[in-house]
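Take a look at the structure set out below.
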Amino acid sequence: MPKPESFPIEKIFVPTKQKKAIKSETVAEIAESILDIGQQEPISVRLDGDRLVLVQGLHRLEACKALGETTILGVLVPAELAQSKPQLAERPEVEAERIKMARLKQLRLEKEAAEASTAALRGVSATESSRTRSAKGVRDNPKASPGRTAKAAPKTLSAWITQQKGSGGRY
């Protein structure tokens, strides 16, 4: 592996695709770490004509910029190595982060399911108690539901008169 050397930050070109991946939280964390213990891992750059192109270490570069540094530790890698850098899925730190995020997602889904289940049980209890109350009210109040009384309510005036005559009532 090439020996780390100091590169002027202003001479390092960051490709547009990489710029879109900047996460300010990560930059802040790395900046704090650099203040505490210094830059531990060099960035990787390659030569492209007269300029240096960032290959790896975007957040370290941005953290050094934020701290007002004018130079950064880096290693110069050949263009062939820059093209054959390991895929994200092959890198152990990315795999560890993926596993952590999957675990957090699973925990979040379990929590949401438990909350939904609790809410559903509360809803069922409330519905059952209101059904019990309304059913009781219907039985106690014969006028509430014509089909639940001993005599069905008449549908026409003549049927009502006939019913009243049969029960000895006045009309």
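Please determine whether any residue of the range 9-17 is within 32 Å of the chain's Cα centre (by Cα), surrounded by 14 or more Cβ atoms within 10 Å (Cβ to Cβ) and not β-branched (Val, Ile, Thr).
No, every residue in the range 9-17 fails to be within 32 Å of the chain's Cα centre (by Cα), surrounded by 14 or more Cβ atoms within 10 Å (Cβ to Cβ) and not β-branched (Val, Ile, Thr).
All but one of (1) basic (Lys, Arg); (2) modelled with pLDDT of 60 or more; (3) over 30 Å from SER24 (Cβ atoms) hold for LYS136; which doesn't?
It fails just one condition, (2).
Is it the case, given these coordinates, that GLU80 is closer than 29 Å to ILE22 by Cβ, modelled with pLDDT under 80, in a helix (DSSP H, G or I) and in the same structural domain as ILE30 (by TED's automatic domain parsing)?
Against the criterion (closer than 29 Å to ILE22 by Cβ, modelled with pLDDT under 80, in a helix (DSSP H, G or I) and in the same structural domain as ILE30 (by TED's automatic domain parsing)), GLU80 qualifies.
Quick test for you: out of GLU95, GLU110, GLU115, pick the one residue that is modelled with pLDDT under 80, within 41 Å of the chain's Cα centre (by Cα) and not in a loop (DSSP other than H, G, I, E, B).
GLU95
Could you list, ordered by first residue, the pairs with Cβ atoms under 9 Å in which the first is in the range 3-16 and closer than 15 Å to THR71 by Cβ and the second is of a type in the set (A, V, I, L, M) and part of a helix (DSSP H, G or I), at least 6 apart or interchain?
Close Cβ pairs satisfying both conditions: ILE9/LEU61; ILE12/LEU61.
Does the range 19-39 include one or more residues that are in contact with a Lys or Arg (Cβ under 7 Å, 6 or more places away or on another chain), under 24 Å from GLU97 (Cα atoms) and outside the structural domain of VAL94 (by TED's automatic domain parsing)?
Yes, the range 19-39 has at least one match.
The values are calculated or read from the model by the stated rules, or taken from the named source; none is laboratory data. Values in this document were obtained by computation on a predicted structure and should not be read as measured data. We place every Cβ from the backbone using ideal geometry, glycine too, and count neighbours over all the protein chains shown.
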